[in-house]
1. I want the local charge near residue 34. Using Cβ-Cβ distances under 15 Å, sum +1 for each Lys or Arg and -1 for each Asp or Glu among the other residues.
2. For the chain, how big is Rg over Rh, using alpha carbon atoms and the Kirkwood form of Rh?
3. At a Förster distance of 22 Å, what's the computed FRET efficiency of residue 45 paired with residue 23, Cβ-Cβ distance as r, to 0.05?
4. Just to verify a number: FRET efficiency for residue 59 and residue 35, C-beta to C-beta distance, R0 = 25 Å, to 0.05?
5. With 10 angstrom as the radius, rank 37, 30 by how many other C-beta atoms surround their C-beta, starting from the fewest.
Amino acid sequence: MSGSIATVGYGLAAIGPAIGIGLVVGKTIEGVARQPELAGRLQVLMWIGIAFTEALAFIGIATGFIFGF
């Protein structure tokens, strides 16, 4: 068997941020359903949470490039 398993590693590393983003968006929808007057504020916090969660995916791909070659 030849090749690098870095792509498999990145695929596994992308599962965590995907679950995290799903939780962030789901809880934001739940919060807006409970208190619609806070929709704007919750949406801003949701985008900040998504940005931080997505940073984990970028760290995963950077690690794959650094240590995979």
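FYI, it's all coordinate maths here, none of it is from the lab. On a predicted model such as this, the values are computed, not experimentally measured, just so you know. Every residue, glycine as well, gets a Cβ built from its backbone with ideal geometry; the counts of neighbours run over all protein chains shown.
1. 0
2. 1.20
3. After rounding to 0.05, the efficiency reads 0.95.
4. E(calc), rounded to 0.05, equals 0.15.
5. Lowest to highest Cβ neighbour count: 37, 30.
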